[in-house]
1. Going from the alpha-carbon gyration tensor of the range B:316-381, what semi-axes, largest first and in whole Å, does one get by taking the root of 5 times each eigenvalue?
2. What distance in nm separates the two pseudo spin-label positions at residue A:127 and residue B:404, each 7 Å out from Cα along the beta-carbon direction?
3. State, as an integer percentage, the relative contact order of chain A based on alpha-carbon contacts under 8 Å between residues 6 or more apart.
4. Give me A:178, B:235, B:78 sorted ascending by neighbouring Cβ count inside 10 Å, so fewest comes first.
5. If neighbour count is taken as other Cβ atoms inside 10 Å, put A:132, A:202 in order from fewest to most.
6. Report, largest value first, the span of the C-alpha coordinates of the range B:111-213 along each principal axis, in whole Å.
7. Is chain B best put as rounded, prolate or oblate by its Cα gyration tensor, with a ≥ b ≥ c the root eigenvalues, rounded for a/c under 1.5, and otherwise prolate when a/b is larger than b/c, oblate when not?
8. How large is the direction-averaged shadow of the alpha-carbon convex hull of chain A, in nm²?
């Protein structure tokens, strides 16, 4: 197991370097001058030239990338062109907010999706089944920024239940919990769709297996059969899906963060891309890629807990 | 199982409907059917001190160092925490501020400013001429420090402290709009040198009516009153500046009472905001939107082509359709509030919508070989902006008279790169906001061949623009206002009506939504704010 984990972590290095190189090339190859985007169209040629030299953007691309890697080896992801602040500081200031939102949204999504999916599978073709399919499609089809504005209007403005924007503090404060409700519910509605469907399909497959029939024949209660025998075995694809969803969420939910003014990594990434802030784009890409790989490594490790037949060489 | 789920849902809804500690926004009530009989409330005695004002911006402040950046979100905050050498009065003319008086030498090269003696920074240290010289030279000595601000003051040779309260500024050439350029924030030299630029940028020490309490990036800036402000003590205890970029979120935050003031409301949300009992203030901005012609790319180099475009489109209807209440129709480059404006005359002179005339001009151009029947005319525009809709309508109108045309829409950085190049696009959509409240800021940027706009975008470096260049340079050098007005009126005639460099389109309007409890709030038609000034001091009615 330890060897497996070590191998996976070592594989992280070339993956992340490859992502960094791709992000670097894409940013430099897309049209548009980052200095012009930064200083505005009215800046003089002299000022633009001075800015370009200061940012090191007049150097050849391989040297720029080499300097970035050298800095990365020393834990320095460079300075943001737009914010004139360290890239690491900017990203890690916002990461807790993104992690909170991702975590709470996932918990909400799972809390709704698993019971709904289980009921839909157990009572196939019933009203609950149809409702779960509809809920799943609705969640997947409705754009989350539109859902966010709807929830903001009805739950925030009309019913005055929750604050509309901002973070309000860390999650362990009452302000933090109050503020996270609307953005987390918005995200959860979107995530719930695919998870509900997956739970339903996975459960239907498990419930048709021989050992489940045997368990029923032995006289076990239906609840015992579903929750102790069927659901646990149905979890592997669900956990994979949740791992992928968490990975994407930790990259920042741009639209939801923008609508709810949630100070997360997603909004920062968009500001970096539209402002052609190369160091910040590279930094965000690296952090997101690393997080994604780590999360999926953890997901792979949980398979062994769920299915004792799985062992790691 | 199902019963448990249903009960859980029911309990959640009931618990939720119990309400939360949120401030309910005032809602409008229907007008009474008859005259109310209750006695009217007594008039307010005057401003009530105290309270916190929360302002929602449409953009995020990038940097709190007042000398560093020029974006509107940052400048809005800078105006609270720092003072400038001169300010603007309500007619947008330069007025005393940190400098209580000034005089220019007869040749316009040397300006001497006398500073107030009673100004202190937030840390209690006095503001002197050394700080003024330091603030200007931070920008002048390193163009890369603040490229946007450098461009605005690079006519300055040097700034010297003659004595603790006298500043001498030497220019490279006479420049009559200089007082507008002198409107730069002054920072504490001692604080910058002691703290270092990075630390200073997070908690700047200056002399403004408020000081920075905290800045959480992505969430907002909290400012607290400067108790020792030299001009007038602010009524408010605190100001919270929150960036809410999404326009619907910004409007709903105002409706829900989470913010007291919301800038840049979209016209689609005005009805909802008014319905909630909020006030809406409409301010024409010093902004000029236009369809620019690229004179260095044929057939744009033929004035008949440019006139043809003017006749081919119903511009009044176009502005109405695209911008609605959000903009005024422009007939020249000088926005309301700036000078010199001859708006009625320009409107009369503007070529009328006349597709038949446009077709005639097109036939002439083809007959004379200036363009071919299948020449494809491209309009460069910024994708996702209202200007893209302008480009689409222009293309559609050109096609209606037989011109092959298409829209070339790009994201902002790519658009700028292309419009500064000379490979594509016969026309482009763009806007500009006057950097200084002086006509030179508009004309120099738009029409001088040395500016990157005039020179590269309009292509004036590749055509003979010497007459226009000379007029612009003369307008900036002459000190007499009446003479300057004549020069700029002549320029408008030349560039807009004789040579058709542009099709003037819009002067934007800003809608600011306010909770009715907010009093004495003055909205500037440019970036920044004048919430606490010689003539205004915002307060909250309790």
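1. After diagonalising the Cα gyration tensor, the semi-axes are 30, 16, 12 Å.
2. With each label placed 7 Å out from Cα toward Cβ, I get 6.3 nm.
3. 27 percent
4. Working: A:178 17, B:235 21, B:78 28.
Ranked by crowding around the Cβ, least crowded first: A:178, B:235, B:78.
5. By the 10 Å Cβ count, ascending: A:202, A:132.
6. In descending order, the Cα extents are 41, 31, 21 Å.
7. Cα axes put chain B in the oblate bin.
8. Values: hull surface 83.3 nm².
Across all orientations, chain A yields a mean hull projection of 20.8 nm².
Every number in this text was worked out from the coordinates using simple rules, so none of it is lab data. Every value quoted in this text rests on a predicted model; they were computed, and no experiment measured them. Neighbour counts run over all protein chains shown; Cβ positions are idealised from the backbone, glycine included.
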